[in-house]
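Written below as structure tokens is the structure these notes are about.
The values are calculated or read from the model by the stated rules, or taken from the named source; none is laboratory data. Note that this is a predicted model, so its numbers are computed, not measured. Glycine also receives a Cβ, built like all others from the backbone with ideal geometry; neighbour counts cover every protein chain displayed.
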Amino acid sequence: MPKQRGFLPFVFYIFILLISVAALWGTLYFGESLTPSSLRPTTEGAMTLRGAFADFQTSVSHHADSTIGVLLLQILIILIAARAMGWLFRKIHQPAVIGEIVAGILLGPSLFGRVAPETFDALFPASSLSNIQLLSNFGLILFMFAVGMELRLGDIRKQLRSSIIISHTGIFIPFVLSLPLSYTIYSDYAAGLTDFTPFALFIGIAMSITAFPVLARIIQENNLQRTHLGKLSLSTAAAGDITAWLMLAAIIAIAQSGSLMSTGYNLLFLIVYLLVIFGIIRPLFRAAGKVYNNIEVISHGMVGTIFILLLLSSYITELLSMHALFGAFMLGLVMPEDLSFRKIVTDKIEDVSLMLFLPLFFVSSGLQTELGLIDSPERWALLGVFTLIAVVGKVGGTYISARASGESPRSSIFLGAFMNTRGLMELVVLGIGYEMKILPPAIYAVLVLMTVITTVMTMPMVHMINWVIRLGERRRDRIETIDKQAGAKVLLSFGRPSSGVTLLRLTDQLLRRGEAHPNVTALHITTDKNINSIEVDKFFEDSFRPIMQEAQQLSQPLETEHLVADEVEGTILSKLTAEKYNLLIVGAGVRLSSDEDDREATTMRQQMKRRVGSFSVRTTESLLTIHSMLRDKMAYFVHRAPCSVGVLLSRSFHSPKNILLYVANPGDLRLLPYARTMAENNKATLRIIASRDLPPQSLSLHPGEELLPDKLLSLPEGCDLVVVSYTHWQEAFDTSEDLLSRLPSTLILNLK
């Protein structure tokens, strides 16, 4: 160990600092004479405080007007508006992406440009729009790559026949219905802009596409991802998106070709490209996915190779007149279907593309959308006709094909409502058509508004269908549930996978009577509604694998449920109320956790409260979206849950052999059967500390049980589990830091 040298290092540091300052001053002082007289300040005022501030203002103004200054300010405004509207739309139970689309329209000439034209021109000068467009196009390449990865071919193969029939019918019917409309409006709107064929084809594909990413999030929010309907919806949308993008690539090739022969060459090279992608690239990536399946072994070289292939694929399809986005989409489609691999790659790409680049695309689209062009009864009628054809064609076509495939009327109408979601994918298609000057501004504005309307109406349609058909089903399900369940019905809510195992072990020891097991549902909630389907499956696999293995070892029947919600406690309460559970089992939370990181977070939070006050700490935590993880959930559940609540403060809880029960009042005697069951299941010793005020006749000991002296704050040696009521916990334990630090694993029960 090096010797301490007292003040010598400090003196040496001061000496070096003084020498450096002197050298800098001397160089600047004597070097000033080398400056040409033409570059020196011409007035005395320049050397005054006021003159220096004027120079500072000039410098700030110059950098604010620079290309990068304008772009950074635009990005800040765009991101703030997108986040605010996304939050607002989530509050009204709409996908956040719709709010971001609306934010883009509001920042464009339709609203901002009309209300404050001078400010609009200052913030979004025409000369700067190309920079936003360039960045948004690059972001779309990343996003389409991520979308391609969400569409797993293996999932489609599981329901290939139904998916193909339903998706293709849902594409072809609105496509065909749109052709007469295109024929009717072509002369008035697009005759001087483009040929009829590309115009009609673009209108058709715009009417028939489904937004897979938005649909996937709607499926999550309705907790359908593991049901037959949810899986069929996702596989149908996936098959439809692949077909639609293949059709779009062919349509772009036709639109950009100079002749029929040129179109043939484009389509020929498209086939060659697809053969290379699926015949060579995909098998290579499948092999790589078996090796590169965790973050520790994925190298920068592998990620760099993926990005190079992404740009190369996009470049090739751009050269072949099929747009760069098609190449990005197809490369994502052939990525390895291993969940770990795709999760790692999407983590590196999707956050940047979703949070930064996509809002730029929405605003870029909004800047091109002039809703003021819909300025006559004729054009409003046109919007109504477009929307009617889009909804009837998509919902009706999907319903008919689903019924023909053997689906029930309920599943078929839900499928129709889900497939009506157009969202972002529609905007991408419309943006391509507008950029290629196939869609005139008025028709572009009508179709953008139709996109917003049909996507916004998806959730109300789903709720309306539920409202119509759910009453009978709920009544039947309740009867079936009562018939099937004889034991306690327990909801076990966990966050970390390891805590799920611990809570299941506790539940088994607390409620199992011989071979009779409780009815347990394990619930895990992911608190981000913007996650994609790959992440949902990966989170489910990682979160539930340990608890399912533990359930198998315990021979404990277990139902699993994974929900995606913004608010954990409210979601748990809603489930408790709707499904009438007898008991909720949860962990004690961060504040009482024995985990080192949790304890440090709690200590730091208390220190911050003392320094800046509780309000400032809560505000900061809310902005960082960590307040819900740090606050005390025990009191929340005890006071609001409609059933009994058990909270485990775990100190490496496993199979306790010395159990201590506190009985502070007659009401605590209700805890005795639970403590005895735990002792019996663990072949453990049960010791009881009873209050002196308790009537002697109220407590009769079983053989092997021991009554200890009334020392309410004592902890007998060797005790490895404490069972206590919530009321006594608050009175004696929760207020004593010293006692909390000495506690073994503790089960806090509030029985109702």
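Conditions (1) crowded, with 20+ Cβ neighbours inside 10 Å; (2) at positive phi; (3) part of a loop (DSSP other than H, G, I, E, B), marked per residue:
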{"position": "R161", "(1), (2), (3)": "no, no, no"}
{"position": "G170", "(1), (2), (3)": "yes, no, no"}
{"position": "S187", "(1), (2), (3)": "no, no, no"}
{"position": "A191", "(1), (2), (3)": "no, no, yes"}
{"position": "T197", "(1), (2), (3)": "no, no, no"}
{"position": "A216", "(1), (2), (3)": "yes, no, no"}
{"position": "Q220", "(1), (2), (3)": "yes, no, no"}
{"position": "T236", "(1), (2), (3)": "yes, no, no"}
{"position": "D241", "(1), (2), (3)": "yes, no, no"}
Quiz item: Which residues, counting only those in region 316-359, are without any contact (Cβ under 8 Å) to a residue 24 or more places away in the chain and closer than 18 Å to L135 by Cβ?
Solution: E318, D351
Self-check item: Flag for L712 being modelled with pLDDT under 80, outside the structural domain of N582 (by TED's automatic domain parsing) and under 41 Å from the mean Cα position of the chain (by Cα)
Solution: no
Quiz item: So which strands (runs of 3 or more DSSP E) stay within region 635-744 end to end and still have 3 or more residues that are in contact with a strand residue (DSSP E or B) (Cβ under 9 Å, 6 or more places away or on another chain) and within 30 Å of R496 (Cβ to Cβ)?
Solution: 644-649, 658-663, 721-725
Exercise. Check off (1) part of a helix (DSSP H, G or I); (2) farther than 30 Å from I344 by Cβ for V147 and give me the number that stays unchecked.
Key: (2)
Practice problem: Only one of these is without any contact (Cβ under 8 Å) to a residue 40 or more places away in the chain, farther than 30 Å from E567 by Cα and among the small types (G, A, S): S691, S655. Name it. | Solution: S691
Quiz item: Going through region 199-214 one residue at a time, which ones are part of a helix (DSSP H, G or I), of a type outside the set (A, V, I, L, M) and within 30 Å of D351 (Cβ to Cβ)?
Solution: F212, P213
Practice problem: Working only within region 403-425, note down all residues that are of a type in the set (K, R) and at pLDDT 85 or above. | Solution: R403
Quiz item: Within region 163-184, can you find the residues that are of a type in the set (S, T, Y) and in contact (Cβ under 8 Å) with a residue 40 or more places away in the chain?
Solution: S163, S167, T169, S178
Quiz item: Among V448, V468, V452, V428, which is out of contact with any Phe, Trp or Tyr (no Cβ under 7 Å at 6 or more places or on another chain), closer than 21 Å to I389 by Cβ and at pLDDT below 85?
Solution: V428
Quiz item: Got at least one residue in region 223-233 being farther than 19 Å from E407 by Cα and surrounded by fewer than 23 Cβ atoms within 10 Å (Cβ to Cβ)?
Solution: yes
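Against the definition (hydrophobic (A, V, I, L, M, F, W, C), under 29 Å from the mean Cα position of the chain (by Cα), modelled with pLDDT of 85 or more and in a helix (DSSP H, G or I)), how does L576 come out, yes or no?
Taking the combined requirement at face value, the residue satisfies it.
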Practice problem: Answer with yes or no whether F278 is at pLDDT 85 or above, assigned by TED's automatic domain parsing to the domain that holds L160, hydrophobic (A, V, I, L, M, F, W, C) and surrounded by 13 or more Cβ atoms within 10 Å (Cβ to Cβ). | Solution: yes
